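Trainee: I'd like to ask you about the structure that follows.
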Amino acid sequence: MEIRIYCKKATSLTDTKRRLPIKASLFILMILFLASVAAADVNIAPISDNTATASVALIQIIQGNISSNGQKITHPFTAPRDGRYRFEMAELRGNARIYIEVFNRLEEKISSNTCGNGGRLTLDGVAKGENYLIRINQYDGFSGYRLIISRQY
C-alpha cells in the first residue's frame, strides 16, 4: 500500500482525488492499520523549507487489560528490523498507571519506565530478529490499554 500526500504552495493539500484547504503550517498524518498488518513503513520526506521531519514505522498494536492488584501481563516481541523502537501506552483511563519492563532473550531487564496514558519507553540498538518480552505491570489503578510498538528512524 502506498499513500502520497503533497503540499503545493501551502494553500492546498492534494491527494490523487481531492483538494483540501490548509489553514495552518503544521500537519499531522495518522494512519491506522488493521491488526492483520504485520509491518508498514511511513516515510515523510522533508518539505523544501528544511523543516525536520520524523519517520516512524508502526509495527504492532497490542490490546490488554489491567484488572487486579499486582497483575503482570507479558507480550513477546521480535524486531522485524534493526533500529530504535518505541513502546507507547495508549487508552489508559483516568489516572491509571503501569510499570513497563523490557527483557532480552536471556530474560535480563534492559529497560523500564512508569507510564500513564501516552507514556513511553524507547530502546536503541535493537537488532533484527531479536526476541524481547514486554511486561506490563499494574502500578496504580485499573484500565484497558493499547501498547503501540513502532520503529523510529
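Trainee: Has the stretch 105-112 got at least one residue that is part of a strand (DSSP E or B), surrounded by 15 or more Cβ atoms within 10 Å (Cβ to Cβ) and touching a residue at least 24 places away in the same chain (Cβ under 8 Å)?
Mentor: As a first pass, look at the stretch 105-112 and keep what is part of a strand (DSSP E or B): 109-112.
Next, from what is left, pick out any that are surrounded by 15 or more Cβ atoms within 10 Å (Cβ to Cβ): 111.
Among the residues that remain, those that are also touching a residue at least 24 places away in the same chain (Cβ under 8 Å) are: none.
Taking every residue of the stretch 105-112 in turn, none turns out to be part of a strand (DSSP E or B), surrounded by 15 or more Cβ atoms within 10 Å (Cβ to Cβ) and touching a residue at least 24 places away in the same chain (Cβ under 8 Å).
Trainee: Any idea which residue in the stretch 95-104 is surrounded by the fewest Cβ atoms within 10 Å (Cβ to Cβ), counting only those that are among the hydrophobic types (A, V, I, L, M, F, W, C) and more than 16 Å from Pro76 (Cβ to Cβ)? Spell out how you get there, then give the answer.
Mentor: Of the stretch 95-104, the ones among the hydrophobic types (A, V, I, L, M, F, W, C) are 96, 98, 100, 102-103.
Now drop any that are not more than 16 Å from Pro76 (Cβ to Cβ), which leaves 96, 98.
Working: Ala96: 20, Ile98: 28.
Going through the qualifying residues, I end up with Ala96.
Trainee: Using the structure shown, decide if Lys128 is touching an Asp or Glu at 6+ places or on another chain (Cβ under 7 Å), closer than 16 Å to Ala57 by Cβ and not hydrophobic (A, V, I, L, M, F, W, C).
Mentor: The answer is yes for Lys128.
Trainee: While we're here: Could you please find all residues in the stretch 72-100 being closer than 19 Å to Gly141 by Cβ and within 16 Å of the chain's Cα centre (by Cα)?
Mentor: Initial filter on the stretch 72-100 (closer than 19 Å to Gly141 by Cβ): 72-73, 88-100.
Of everything in the stretch 72-100, those that are closer than 19 Å to Gly141 by Cβ and within 16 Å of the chain's Cα centre (by Cα) turn out to be Glu88, Met89, Ala90, Glu91, Leu92, Ile100.
Listed here are the residues, each with its yes/no results for (1) within 21 Å of Gly70 (Cα to Cα); (2) surrounded by fewer than 15 Cβ atoms within 10 Å (Cβ to Cβ); (3) at pLDDT 95 or above.
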position: Gly125; (1), (2), (3): no, yes, no
position: Leu133; (1), (2), (3): yes, no, yes
position: Ile136; (1), (2), (3): yes, no, yes
position: Tyr139; (1), (2), (3): yes, no, no
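Trainee: A follow-up question, please. Any chance you could count how many residues in the stretch 57-89 are in a strand (DSSP E or B) and surrounded by fewer than 15 Cβ atoms within 10 Å (Cβ to Cβ)? Explain how you work it out, then say what you get.
Mentor: Step one: of the stretch 57-89, the residues in a strand (DSSP E or B) are 57-66, 72-78, 83-89.
Within this subset, residues satisfying the condition of being surrounded by fewer than 15 Cβ atoms within 10 Å (Cβ to Cβ) are 63, 65, 72, 74, 76, 78, 84.
Of the residues in the stretch 57-89, 7 are in a strand (DSSP E or B) and surrounded by fewer than 15 Cβ atoms within 10 Å (Cβ to Cβ).
The values are calculated or read from the model by the stated rules, or taken from the named source; none is laboratory data. What you see is a predicted model, and the numbers here were worked out from it, not measured in a lab. No Cβ is skipped: glycine too gets one built from the backbone with ideal geometry, and neighbour counts run over all protein chains shown.
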